[in-house]
1. Sequence gap at least 6, Cα distance under 8 Å: using those rules, report the relative contact order of the stretch 7-238 to the nearest whole percent.
2. Taking the solvent-accessible surface of protein heavy atoms with a 1.4 Å probe, what is the per residue accessible area of the chain in Å²?
3. Short version: ³J(HN,Hα) in whole Hz for each residue of the stretch 208-220, in order, from phi by Karplus 6.51 cos²θ - 1.76 cosθ + 1.60 (θ = phi - 60°), x for Gly and Pro, what are they?
4. Mind pulling the angle between the C-alpha long axis of helix 93-107 and the longest principal axis of the chain? Nearest 10 degrees, somewhere in 0 to 90.
5. What list of ³J(HN,Hα) couplings, whole Hz, do you get for the stretch 4-15 from phi and the Karplus terms 6.51, -1.76, 1.60, once you set θ to phi - 60° and write x for glycine and proline?
6. In terms of modelled amide H atoms, which long-range or inter-chain residues lie less than 5 Å from the amide H of His137?
7. What distance in nm separates the two pseudo spin-label positions at Gln266 and Leu148, each 7 Å out from Cα along the beta-carbon direction?
8. Could you tell me what percent of the accessible area of the chain is made up of carbon and sulfur, with a 1.4 Å probe and every protein chain present?
Amino acid sequence: RKTAPNAEDIRTRKGSTPLVSLTAYTTPMARLMDDHCDFVLVGDSVGMVLHGLESTLGVTMEMMILHGQAVARGLNSAMMVIDMPFASYEHDPTHAFKNAARLMAETGAGAVKLEGGVEMAETIRFLVKRGIPVMAHIGLTPQSINTLGGYKVQGRDEQAKAVLADAHAVAEAGAFSVVLEKVPQGLADQITAEVAIPTIGIGASAGCDGQILVVDDMVGFFTAFKPKFVKRYAELGPQAEAAIAEYAADVRARTFPADEHVFADQAPSKGPKA
Ligand code: KIV
Ligand code: NA
């Protein structure tokens, strides 16, 4: 993993070519994106995307570690960032440090991501000062869904000032980059212009310093719902279902397995070696 960028490499890409990132939760998906992404996020969206949870609140440290280890096996040239799950960091900086250090030590991730702005600045500073690179995540923060009251755009009208303050707070606290989720375009551009660290947009603006999407959303594997900010680059879910339906029909018609899928009773005779 010597070729992978580190947090400092990502930070210094501010204002340069856009940073490319996706989430990953498994080894094969990580392998597919390793040559194309600057960093890969082991997102706590894994709970909803792969485990059928209704929100990210039920995601545990153990789940993050297991998926982080799987993703690490599939990466060679992309950096790995891992989400801190709900209730693993909010309570106090020391608790956050223990869990962040465990996530990094047990998965090999080069940084952690945590949700929150002004209210998490002290924790971000505490972690960064002790050697843990932190990616911040502001705007729509899904772990706060119960207090936000829904997956709404964050930072319209009078709310803009608070999101801007969050961006400045996490940058000043030492975060090496910040995810802007569901932040209106003009505000996202303003934040990108004002803060010294790369902004990573998801439902934000093409003017951000980078973009991220949930991989299962963009390849069409996760189809329970589609946020407006998702662009479907493929429809793998419907393709997989069609394949499964065809298989089921073949089995019922005894057209699978065919001759080429079964084994003869006698071992095939071995011809002389060329
Ligand atoms: O968990 C996740 O997938 C995320 C991103 C999409 C930013 O936090
Ligand atoms: Na997340």
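The values are calculated or read from the model by the stated rules, or taken from the named source; none is laboratory data. Bear in mind that the values here come from a model prediction, so they are computed numbers and not experimental data. Don't worry about glycine lacking a Cβ; one is built from the backbone with ideal geometry, like all the others, and counts go over all protein chains shown. The area values use the complete protein model at the heavy-atom level, side chains included, leaving out ligands, DNA and RNA. Shrake-Rupley method; radii C 1.70, N 1.55, O 1.52, S 1.80 Å.
1. 18
2. Numbers: 14290 Å² over 274 residues.
Accessible area per residue: 52 Å².
3. For the stretch 208-220, the Karplus curve yields 5, 6, x, 9, 9, 9, 6, 4, 5, 5, 7, 9, x Hz.
4. Long axis of 93-107 versus the principal axis of the chain: about 30 degrees.
5. Each residue's phi maps through the Karplus curve to give 5, x, 10, 4, 5, 4, 5, 4, 7, 7, 3, x Hz.
6. Excluding prolines and chain starts, which carry no amide H, the hits are Leu114, Gly116, Val179.
7. Distance between the two pseudo-spin positions: 6.9 nm.
8. 56
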